[in-house]
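Q: Structure incoming, see below.
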Amino acid sequence: DTAVSQTPKYLVTQMGNDKSIKCEQNLGHDTMYWYKQDSKKFLKIMFSYNNKELIINETVPNRFSPKSPDKAHLNLHINSLELGDSAVYFCASSQRPVAYDEQFFGPGTRLTVL
Amino acid sequence: GESVGLHLPTLSVQEGDNSIINCAYSNSASDYFIWYKQESGKGPQFIIDIRSNMDKRQGQRVTVLLNKTVKHLSLQIAATQPGDSAVYFCAETWEYGNKLVFGAGTILRVKS
């Protein structure tokens, strides 16, 4: 069974479109994250949710809106996509909202904006 | 050497040799460090961690060394195997921190 899963794996779209990425974890964790990995492989946290509540929001444009319908799911909606949004987006989860807890990453969603 | 395009440092080793991957961290208040391995097309995977009250920690074929004086972290992989080929990241955090800060990554290539 996949612990942290994301859909879709690949997403190719035009500038200006709106798209969503979905994430699910079956680990029973309370905390979920979205990370962005750019073309230089630099990995940076975007958002974190704990028990459906937003706890980290790292200076991300408000075109990005995360939503957590329940503890096991964290989705990322992106409005008005720009070329610079092209990246690999990773979802992760941990037992608690502390960085000392191991984070389990999903396989990533490669977003290409044309 | 450096990998063209990605601008990440690259370490090329022969299968069976030992590998040492280095990381300089930035925050002197950081007290917990983790090494992650990211294989091509996959998400990062936890390898080993170390707290700041330790200098060394060993796992299976891996050892992490921490030098707080110079803010340096290293990952040693013994008897490197082709399956070790990946990008390796160090990450740091601090007491009551709720996020990990990742370093730039190092590409490890294992030659058979």
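The values are calculated or read from the model by the stated rules, or taken from the named source; none is laboratory data. Only a predicted model underlies this, so the values are computations on that prediction, with no experimental measurement involved. Note that we place each Cβ from the backbone using ideal geometry, even for glycine, and neighbour counts take in every protein chain shown. The area values use the complete protein model at the heavy-atom level, side chains included, leaving out ligands, DNA and RNA. Shrake-Rupley method; radii C 1.70, N 1.55, O 1.52, S 1.80 Å.
Q: When the Karplus curve 6.51 cos²θ - 1.76 cosθ + 1.60 is applied with θ = phi - 60°, which whole-Hz ³J(HN,Hα) does each residue of the stretch A:28-43 get, with x for Gly and Pro?
A: x, 6, 8, 10, 10, 9, 10, 10, 10, 10, 7, 5, 8, 6, 6, 10
Q: Same structure again: For A:Lys22, go through the lysines and keep the ones whose alpha-carbon is under 30 Å away, minus same-chain ones fewer than eight residues off.
A: A:Lys9, A:Lys36, A:Lys40, A:Lys41, A:Lys44, A:Lys52, A:Lys67, A:Lys71, B:Lys37, B:Lys42, B:Lys99
Q: While we're looking at this one, here's another question. Suppose every Lys and Arg Cβ carries +1 and every Asp and Glu Cβ carries -1, with no other charges. What dipole size does chain B come out with about its Cα centre, to the nearest 20 debye?
A: Computed about the Cα centre, the dipole is about 60 debye.
Q: What figure in square angstrom, to the nearest 10, would you give for the accessible area of A:Phe42 with a 1.4 Å probe?
A: Accessible area, nearest 10 Å²: 80 Å².
Q: If you take each beta carbon of peptide B:39-48 and count the beta carbons of other chains within 10 angstrom, what is the mean?
A: 4
Q: In bins 10 Å wide, starting from 0, what share of all Cα pairs of chain B does each bin hold, as a percent?
A: 15, 47, 31, 6, 0
Q: Between beta-carbons, use under 15 Å as the cut-off and find the net charge around A:Leu81, counting Lys and Arg +1, Asp and Glu -1.
A: Local charge sum for A:Leu81: +1.
Q: Output the peptides A:66-73, A:52-59, A:95-102 sorted from most to least packed, where packing is the average of other Cβ atoms within 10 Å over each peptide's residues.
A: A:95-102, A:66-73, A:52-59
Q: Tell me, what is the percent relative contact order of the stretch A:4-113, built from C-alpha pairs under 8 Å that lie six or more residues apart?
A: Worked out over the stretch A:4-113, it gives 37 percent.
Q: Report the paramagnetic label zone for A:Asp101: residues of the stretch A:1-29 whose backbone N is under 20 Å from a point 7 Å from Cα along the Cα-to-Cβ axis.
A: Under 20 Å, as judged by backbone N against the label point of A:Asp101, lie A:2-6, A:23-29 of the stretch A:1-29.
Q: What whole-number volume per residue, in cubic angstrom, does the convex hull of the C-alpha atoms of the protein assembly as shown give?
A: 129
Q: Now, a different point. If you plug each phi of the stretch B:43-55 into the Karplus form 6.51 cos²θ - 1.76 cosθ + 1.60 with θ = phi - 60°, what whole-Hz ³J(HN,Hα) values come out, in order, with x for Gly and Pro?
A: Working through the residues one at a time gives x, x, 10, 4, 10, 7, 10, 8, 9, 6, 8, 10, 9 Hz.
Q: Could you tell me, in Å, what Rg and Dmax come out for the Cα atoms of the stretch A:4-113?
A: Rg then Dmax for the stretch A:4-113, in Å: 13.0, 39.
Q: Within 10 Å of each Cβ of A:95-106, how many other protein chain Cβ atoms are there on average?
A: Across the residues of A:95-106, the mean count of other-chain Cβ atoms within 10 Å is 5.
Q: Through the Karplus equation 6.51 cos²θ - 1.76 cosθ + 1.60, θ set to phi - 60°, convert the phi angles of the stretch A:13-20 into ³J(HN,Hα) values in whole Hz; use x for Gly and Pro.
A: 8, 8, 3, x, 6, 10, 9, 10
Q: Note the direction-averaged projected area, equal to a quarter of the hull surface, for the Cα convex hull of the stretch B:73-112, in nm².
A: 3.6
Q: Here's something else I'd like to know. Top to bottom by accessible area (1.4 Å), largest first, where do A:Ser48, B:Ser40, B:Ser26, A:Ser20 land?
A: Result of the area sort, largest leading: B:Ser40, B:Ser26, A:Ser20, A:Ser48.
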